[in-house]
Each structure stands twice: as structure tokens, then as C-alpha cells.
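Take a look at the structure below.
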Amino acid sequence: MTITDIIDYIRGLGGVLVLSPTEGSGHPELSLGDHFFYYAPDGEVPTRTQPFATIVTKDYPGDDRSHLDRPGAFRVNIAAGKQAFLDHARPDTDPSVPDTVHAHPVYGAASWLAVVDPAERTEATVRALLRTAHERARARVERHAG
């Protein structure tokens, strides 16, 4: 899976706002090149919620165990919920191993999952987890709106 494959897939889920900071956009320089996915059918970045998924292309301060400093490396992060986390997380594995579902090295305690360089082995799982995260985000927005 490429970053473009993942972005296209998530966009196809409907009601998704993709925030992709660029130079001059006012976002922190560290976030440039990364992607943040929100359920936001109105096209506005929600003010009181986190993205339901992200793609990061570099190590962040305090989040370097995935070793994203390698050329072309990236990690998809997914807030698929506690049950999905329990079903898929491999908390005692090296979070830099590609194409493997792991507990997020920083946000695992919040039930976030992570996959470095998803490929053939994890593609179907990543897609299913992204659908679940999207459905959870949609339900949360609808619950708060009504």
C-alpha cells in the first residue's frame, strides 16, 4: 500500500476531511508531509475531536521507536477502538517491523493501532480497521449533533 492508496481509500469512505499540512499553511513545520483524517461531512476541521487516523512520514519527538527516519518509511495510525485493539495489537513486538499491526508506540494505551509500511500481509486488515475507525468517528459526530 502506498500513502496515496490509503488516502484514496479513506476518502472513499465518505464524509472525510483530509488535512495535509503544507508549507505556508500555518501548521507546525514538523507536520508537513503528514496526513490527518477526520469525519467532517461539513468540510470543517472539528474543534473537539482527534483524527480517526493519521499517516506520519517521520519520527516525532518522543515517538521514534518505529524508525521512520528510513527513506520512504511511513506509518498509518488508526483509532479503531478497544475491541479492535484487543483483537489486533501485538504490544510486545518491535514497532518498527514493517507490514505488521502493532499497538501504537505512544498512543497504544488509548487503543490506537499502527502499521509501518503496510503491504500485502496487512492490507485487508488495515482497510478493515480504517472502516471501523471511520464508522466510530461518524457515530460520534452524529451522536453529538443530535
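The values are calculated or read from the model by the stated rules, or taken from the named source; none is laboratory data. Computed from a predicted structure; not experimentally measured. Quick reminder, even Gly has a Cβ in these numbers, built from the backbone with ideal geometry, and neighbours come from all protein chains shown.
Of the residues making up region 50-69, at least one is of a type in the set (A, V, I, L, M, F, W, C), farther than 13 Å from residue 116 by Cβ and in contact with a strand residue (DSSP E or B) (Cβ under 8 Å, 6 or more places away or on another chain). Please go through region 108-138 and give me each residue that is within 17 Å of the chain's Cα centre (by Cα) and either charged (D, E, K, R) or under 15 Å from residue 68 (Cβ atoms) (or both), ordered by number. The answer is 114, 115, 116, 117, 118, 123, 127, 131, 135, 136, 138.
If the condition is being among the charged types (D, E, K, R) and either over 16 Å from residue 57 (Cα atoms) or crowded, with 20+ Cβ neighbours inside 10 Å (or both), then region 90-138 contributes 90, 92, 94, 117, 120, 121, 123, 127, 131, 135, 136, 138.
Residue 65 satisfies every condition listed in (1) touching a Ser or Thr at 6+ places or on another chain (Cβ under 8 Å); (2) touching a residue at least 24 places away in the same chain (Cβ under 8 Å); (3) within 22 Å of residue 7 (Cβ to Cβ) except (3). If you filter region 7-59 down to residues that are small (Gly, Ala, Ser) and within 13 Å of the chain's Cα centre (by Cα), you find that the one that is farthest from residue 133 (Cα to Cα) is 20.
Residues that are surrounded by 19 or more Cβ atoms within 10 Å (Cβ to Cβ) and either of a type outside the set (Ser, Thr, Tyr) or over 28 Å from residue 139 (Cβ atoms) (or both) within region 41-73 comprise 51, 52, 53, 55, 56, 66, 68, listed in sequence order.
Of the numbered criteria (1) over 23 Å from residue 60 (Cβ atoms); (2) under 15 Å from the mean Cα position of the chain (by Cα); (3) touching a residue at least 40 places away in the same chain (Cβ under 8 Å), the one residue 141 fails is (2).
Output yes when any residue across region 28-38 is within 12 Å of residue 137 (Cβ to Cβ), in contact with a Gly (Cβ under 8 Å, 6 or more places away or on another chain) and modelled with pLDDT of 95 or more, and no when none is. Within region 28-38, not a single residue is within 12 Å of residue 137 (Cβ to Cβ), in contact with a Gly (Cβ under 8 Å, 6 or more places away or on another chain) and modelled with pLDDT of 95 or more.
Would you pick out the residues in region 111-146 that are among the small types (Gly, Ala, Ser) and out of contact with any helix residue (DSSP H, G or I) (no Cβ under 9 Å at 6 or more places or on another chain)? Of everything in region 111-146, those that are among the small types (Gly, Ala, Ser) and out of contact with any helix residue (DSSP H, G or I) (no Cβ under 9 Å at 6 or more places or on another chain) turn out to be 119, 124, 137, 139, 145, 146. Considering each residue of region 101-110 in turn, none proves to be part of a loop (DSSP other than H, G, I, E, B), of a type in the set (Gly, Ala, Ser) and free of Cβ contacts under 8 Å to residues at least 24 places away in the same chain.
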